[in-house]
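Only one structure is covered here, and it is reproduced in the block below.
The values are calculated or read from the model by the stated rules, or taken from the named source; none is laboratory data. Worth saying up front: this structure is predicted, and the values here are computed from it rather than measured. Using ideal geometry, Cβ is built from the backbone for each residue, glycine included, and neighbour counts are taken over all protein chains shown. Just the protein is used for accessible areas: all its heavy atoms, side chains included, with ligands, DNA and RNA removed. Shrake-Rupley method; radii C 1.70, N 1.55, O 1.52, S 1.80 Å.
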Amino acid sequence: MVHETTFDNGLRVVTQQVPGMHTVSIGVWVANGARCEQPVEQGVAHFIEHLLFKGTKRRTARQITREIDSLGGILNAFTSYEYVCYYAKALAKTLPQVVDILSDMFLHSTFPADEIEKERKVVLQEIKMRDDAPEESIHDRLHQSFWKGHPLGHPILGTKETIGTMSRDAILDFRSHWYRPSEIIIAAAGGVEHQALVKLLQKSFSCLEPGEPRRVDTHQNRQATGRVLELCERDLEQTLICLGTEGLPTGSPERYSLMILNAILGGGMSSRLFEEIREKRGLAYSVYSYVSSFADAGSMAIYAGSERERSCEAVKIILEEMARLRNELVPRDELEAAREQIKGKILMSLESSDSYMSRLARSYLNFGRYQPLDEVMAGFDAVTAADLGQLATRLFRNEALNIQIMGKVDPHCFAEKSEFIAF
């Protein structure tokens with residue numbers, strides 16, 4: 001059962017009680033993330049996420065971690081392009097203590113200057129760690145190239161320059177500007193009783209001053225850059241391939257078709273790319289596709305790692321399989337298998353309170369309401385082979401294609417760029 005309460009200041013509390021669960025997961029979700037940042041403040045949303053763990057008037061950073069550990073709980077956070085989440089998971093009987101810790105962090109962090117300097121070094125190391133990991137770095141390169149000139153192209157972690165020069169005042173100004181109660185959803189799921197949680201939260205969160213919602217402009221169109229092929233020479237054992245094309249916004253009615261299309265193309269061990277590239281030809285150990293969706297736009301990406309001499313062959317197979325989805329209807333049995341694969345994964349994911357909590361929060365953030373499972377399953381059941389063909393024809397276009405190659409690049413293979421990346 002899902003319940004919702006809105007405080008006078010605009011903050012919303014949503015809960016889903018799951019019978020038989022002994023744990024509860026609770027998250028404070030702020031509906032603004034990295035895409036809200038100006039170019040000079042790239043990384044500030046993620047920096048703030050780190051700093052909320054660094055002490056309050058009542059607790060030091062060490063006391064925060066020791067208290068949550070003493071409850072057998074988990075306390076963490078993450079930053080995305082469109083929201084930031086601070087969450088905890090613990091036994092349901094400890095919910096009052098968990099709420100006290102989480103609300104103290106969120107509302108009363110002091111941002112001490114010495115902790116900012118320590119955490120600045122940590123974030124700079126995180127940026128270096130990302131750049132040193134080729135399989136992460138190539139996805140970042142694709143994302144930044146595909147969304148070049150758009151706020152979605154900013155790196156969530158920021159850059160060495162922006163993090164290195166970011167002042168305490170700039171950090172506090174961003175938090176004050178974007179952390180409005182009207183942009184906050186507190187979601188909880190598992191062994192939770194709605195009114196009891198609302199009573200706990202009212203003691204702290206009702207004191208937040210109301211204010212006009214601060215919304216990022218979600219109509220900043222991505223400028224088409226035409227076909228893109230970028231080569232990055234690095235001394236790697238493999239040549240890494242990351243290919244991107246258009247996707248769909250989060251709330252698109254065709255999102256069910258896109259998820260099935262992704263499952264068929266590269267979403268699992270029975271997908272076409274896995275069969276063709278790994279099983280039949282042994283070109284790669286890892287090959288997969290995935291979807292990234294945002295409020296106003298989206299992308300689809302394919303990744304593979306191959307040896308230098310056969311990387312060109314792997315790219316050609318990827319393009320051929322994308323073209324086949326445009327030109328040939330997906331057989332009924334393949335469509336049914338992909339449909340059931342996705343539905344099964346969704347149902348199996350709902351075996352923990354944190355999965356319930358995350359799904360509940362995202363439903364409200366993306367659609368403004370709870371989306372029942374029956375509605376989701378019906379959306380997948382309605383997808384036809386013709387829907388998949390029409391969507392592939394619209395999304396898999398030469399002018400939207402972006403290919404990133406990293407590693408030991410074969411210059412002969414990728415010499416004729418304009419001809420090579422057409423499909």
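Worth a mention:
- If you plug the beta carbon distance of L329 and R130 into 1/(1 + (r/R0)^6) with R0 = 56 Å, you get a FRET efficiency near 0.85.
- Rolling a 1.4 Å probe over the heavy atoms of the protein chains gives the stretch 1-159 an accessible area of 43 Å² per residue.
- By the Cβ rule of 4.7 Å, the chain holds the following cysteines without a possible disulfide partner: C36, C85, C207, C232, C242.
- Measuring between alpha carbons in the structure, the pairs from K121/K203; K57/K121; K57/K89; K57/K128; K128/K316 lying more than 25 angstrom apart are K121/K203; K57/K128; K128/K316.
- Multiplying the residue separation of D381 and K148 by 0.36 nm and removing their Cα-Cα distance gives an extension gain of 80.3 nm.
- Only helices enter the 222 nm calculation for the chain: every DSSP H run of n ≥ 4 contributes -39,500 (n - 2.57), and dividing by all residues gives -13000 deg cm²/dmol, rounded to 500.
- Gyration tensor verdict on the stretch 106-159 (Cα atoms; rounded if a/c is under 1.5, prolate if a/b is larger than b/c, oblate otherwise): oblate
- Cα gyration tensor, the stretch 1-106 - rounded (a/c under 1.5), prolate or oblate: oblate
- E212-H412 FRET efficiency (beta carbon distance; Förster radius 60 Å; 0.05 resolution): 0.55
- Taking every alpha-carbon pair under 8 Å whose residues sit at least 6 apart, the stretch 1-98 reaches a relative contact order of 32 percent.
- For the stretch 41-106 versus the stretch 124-195, the gap between their alpha-carbon centres in whole angstrom: 16 Å
- Of the peptides 395-403, 367-375, the order by per-residue mean of other Cβ atoms within 10 Å, starting with the highest, comes out as 395-403, 367-375.
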